[in-house]
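The values are calculated or read from the model by the stated rules, or taken from the named source; none is laboratory data. Note that the structure is predicted; figures quoted are calculated from it, not measured. Here the Cβ is made from the backbone with ideal geometry for all residues, glycine too, and neighbour counts use every protein chain on show.
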């Protein structure tokens, strides 16, 4: 635990107990602090190396003693803003956010003051992705609900059509033969053919 980590951590609302939001916030803010210190050390080493390479005369600066180094600090307002963003990160996304942040810092090799800006951009990107996923799931749920209503409506119309056919009077049923029932889409269709029967006696009377 670093001595400056106290300013990045949140005190639990309930003594001895931390909510998932508090755990995520503390974990992410401590990661930010560690990356700030790491970047600060790398920048100091890089600057010292550049000075040694660019100096053409003997370097006697060490005789003056070590130069005081002022560590980089975030303003209280920046800390509060970042803590608020961290508290909105879902716990399952805490690990992926840290990995993305570390990869981004290693790839870009930013200055110390740029590290919190990168951290903020990673947090906002994660929140934007979560919001987009929620909107997509909401649209899918609404579409599924609308389709279910339409299917129920078609089934009800088909049922009413069948009841209507069953209630029709059986007139000429001896001459009407239903030979096939079809269901086309959501509509029930009955195909019928009319058979006209001729009495053999009538057939003989009609002969000349």
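Quick notes on this one:
- Test: residue in segment 32-44 that is in a helix (DSSP H, G or I), over 28 Å from residue 125 (Cβ atoms) and either modelled with pLDDT under 90 or in contact with a helix residue (DSSP H, G or I) (Cβ under 6 Å, 6 or more places away or on another chain) (or both): yes
- Flag if residue 71 is assigned to a loop (DSSP other than H, G, I, E, B), in contact (Cβ under 8 Å) with a residue 40 or more places away in the chain and either in contact with a helix residue (DSSP H, G or I) (Cβ under 7 Å, 6 or more places away or on another chain) or farther than 23 Å from residue 44 by Cβ (or both): yes
- Count - residues of segment 75-87 that are buried (at least 16 other Cβ atoms within 10 Å of the Cβ) and not in a helix (DSSP H, G or I): 0
- The one condition in (1) surrounded by fewer than 13 Cβ atoms within 10 Å (Cβ to Cβ); (2) more than 17 Å from residue 38 (Cβ to Cβ); (3) at pLDDT below 80 that residue 161 fails to fulfil: (1)
- Candidate set: segment 1-26, residues that are buried (at least 18 other Cβ atoms within 10 Å of the Cβ) and over 12 Å from residue 79 (Cα atoms); chosen: the one modelled with the lowest pLDDT: 22
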